Amino acid sequence: MAISIAQVVLSFYCELGIIPRNNSYKFNFMKGNYSQLRLFMDRNWIKEFEHNVDNVWNYFRSELEREMKPYIPLCKGNSWKRKSAWSRPISALQKEMINKKCRLWHRYQETRDIKRLQEYKKVRNCVRKESRKLEKRTITGCVSKIVGGTHRQRLGHRFGVGDRSTP
């Protein structure tokens, strides 16, 4: 009894790409004028629903979408979380930092507390730093190298002009 071993080679070619979504505007359902929308949509639908189900659904959806525009305002979507230069989604850590920055800004607006403003500025600078790193990585196509900073720590002194001391 002879045993033969067959080799199978599979070759795959995948071309992946990001399809940009348009998150610029969407309906703000919290501020809709539903009483006016109900008055306008209050009609005898039975007459208009005597066709097959697909045609009825498409007709109803188009009527509803057409009538939502004057009664429900548009608002900017969550596009503030994405920059146009980003070719891929941001990481969960960066999203968390952005959300923290927004929360801190709103808390500062409510209280006008200087400590909250300082904390907001620290987080804002971290977000800016991380977004610039990401942008640099996408532009160059490679991981950016950390250059500088380490030799200053080893020498134990600062470079540049120091603070002015008053006697």
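The values are calculated or read from the model by the stated rules, or taken from the named source; none is laboratory data. None of the values given here were measured: they were computed from a predicted structure. As a convention, Cβ positions derive from the backbone with ideal geometry for all residues, glycine included, and neighbour counts pool all protein chains shown.
Where helices (runs of 4 or more DSSP H) fall entirely within region 40-138, those with at least 2 residues that are modelled with pLDDT of 85 or more are at 53-71, 92-111. When region 44-74 is limited to residues that are among the charged types (D, E, K, R) and in contact with a helix residue (DSSP H, G or I) (Cβ under 9 Å, 6 or more places away or on another chain), the one that is surrounded by the fewest Cβ atoms within 10 Å (Cβ to Cβ) turns out to be GLU50.
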